[in-house]
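Report on the following structure.
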Amino acid sequence: MAAAGAAALLALLAALVVVVTHSGASALPAVVNNHTSAARQLRGRSGGWQMAKATWYGAPYGAGPDDNGGACGFKNTNQYPFMSMTSCGNQPLFQDGQGCGACYQIRCTAKNNPACSGEVKTVMITDMNYYPVARYHFDLSGTAFGSMARPGLNDKLRHAGIIDIQFRRVACNNRGLTVNFHVQAGSNPNYLAVLVEYANKAGTVVQMDAMEANSGHWMPMRRSWGSVWRLDSYRALRGPFSMRIRSENGRTLVANNVIPANWRANTDYRSYVQFT
C-alpha cells in the first residue's frame, strides 16, 4: 500500500510540473513597468501640485554645470530652448536617464520663503542629482532658482540655499524646433551612439530604433546614458539611417534617412518630425 501511495503521489507531482511548464509566462504575475508607474506618479492627481525640495548649483545666473551640459547629454543649456531654466533631478525625476527632457512647472510662495513670488516657472530635467534631501529634489540652475523670487530678491532667495517648492509635470513645447539627432563623438561603423533631443509633449524618449539603408528592418538601440542611445554591431553598419523614437505616452515618430550615408561623428542631424 505504501508503494502504491508513493507512486500515486509521484504521478500527481509529475502532472503539476507539466501544467506549470506548459502554462508558461501566463501563469506568472505581470511585470510592473517601474518607469511608467513613476511617470504617472509625477503627473500627480489630475495634474495637481506636489511637494519637493529645491536647491541650486553653479553660477547664480548660469545654467548649472560650468560646461552648460549635464548627465542627459544635452549641450548649450544656456541657449534656446533651455535658456538656463534647467534642473538636476534625483532618481524619481531622472529615472536612469528616462526623465531627461521632461518639463515641470515649479513655484514657491511666501509661505515657503518671504522672497518667493508664487509665480509659475517651467524647467527641464537636464542633469542628475546625486545627493537628494527629499523624495523629490530639484537641484536647479542658479537662473531657475532665482526666477521664483519676487522682483529684486533673486539673490536673497538664492541665499536661502534650500527651500520647499511645489511642482507638476507639464508638456514640453520647444517652439520652432524639430527632433534633433546628434551622432556622438567616438561613433564608428560598428558603434553608433546618438543623442536625441528637443522632443515636444512628453519631452522624453523611452525607446529608439535605427534602420539601415533599404534594409526594412528596425534594430533596437539601448540607452547608453542620459538621452544617448547606442547600437553595437559585429559588422559595419550602412547609412543612411532612419530613426524611430517612442515617447513616454506611446506615440511614435519616424525620421526617414535622417542620418546620411556619409555621416560624421560629433554632428547634428535635424529631422523634419516633431510630436504634436
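The values are calculated or read from the model by the stated rules, or taken from the named source; none is laboratory data. Since we're looking at a predicted model, the values are computed, not measured. Cβ: placed from backbone, ideal geometry, glycine included. Neighbour counts: every protein chain shown. With ligands, DNA and RNA removed, areas are computed over all heavy atoms of the protein, side chains included. Shrake-Rupley method; radii C 1.70, N 1.55, O 1.52, S 1.80 Å.
Quick check, is residue 234 of a type in the set (Ser, Thr, Tyr), open to solvent by 40 Å² or more (accessible area, probe 1.4 Å), farther than 30 Å from residue 88 by Cβ and in contact (Cβ under 8 Å) with a residue 12 or more places away in the chain?
Considered against the rule, which asks whether it is of a type in the set (Ser, Thr, Tyr), open to solvent by 40 Å² or more (accessible area, probe 1.4 Å), farther than 30 Å from residue 88 by Cβ and in contact (Cβ under 8 Å) with a residue 12 or more places away in the chain, residue 234 comes out as yes.
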Please find, within the range 259-276, the residue that is most open to solvent (accessible area, probe 1.4 Å) out of those that are outside any loop (DSSP other than H, G, I, E, B) and of a type outside the set (A, V, I, L, M). 270
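Conditions tested, residue by residue: (1) under 14 Å from the mean Cα position of the chain (by Cα); (2) farther than 28 Å from residue 112 by Cβ; (3) of a type in the set (Asp, Glu); (4) in a strand (DSSP E or B).
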position	(1), (2), (3), (4)
176	no, yes, no, no
182	no, yes, no, yes
196	yes, yes, no, yes
207	yes, yes, no, yes
210	no, yes, no, yes
223	yes, yes, no, yes
Scan (1) open to solvent by less than 80 Å² (accessible area, probe 1.4 Å); (2) modelled with pLDDT of 95 or more; (3) over 18 Å from the mean Cα position of the chain (by Cα) for the single condition residue 256 breaks and write down its number. (1)
Just to check your reading of the model, which residue among 250, 226 is under 22 Å from residue 103 (Cα atoms) and open to solvent by 20 Å² or more (accessible area, probe 1.4 Å)? 250
Cβ-Cβ under 9 Å pairs, at least 6 apart or on other chains, the range 94-114 side on the phi > 0 side of the Ramachandran plot, far side polar (S, T, N, Q): 95/34; 95/204; 97/224; 97/227; 101/126; 101/204; 101/227
Only residues in the range 193-215 that are closer than 24 Å to residue 126 by Cβ and among the basic types (Lys, Arg) count as the first member; pair them with residues that are open to solvent by less than 10 Å² (accessible area, probe 1.4 Å) and part of a strand (DSSP E or B), Cβ under 9 angstrom, at least 6 apart or cross-chain, and list the lot. 201/172; 201/247
Anything in the range 48-84 that is among the aliphatic types (A, V, I, L, M), under 20 Å from the mean Cα position of the chain (by Cα) and open to solvent by 30 Å² or more (accessible area, probe 1.4 Å)? List them, or say none. 83
Please find, within the range 191-223, the residue that is modelled with the lowest pLDDT out of those that are among the polar types (S, T, N, Q) and open to solvent by less than 60 Å² (accessible area, probe 1.4 Å). 215
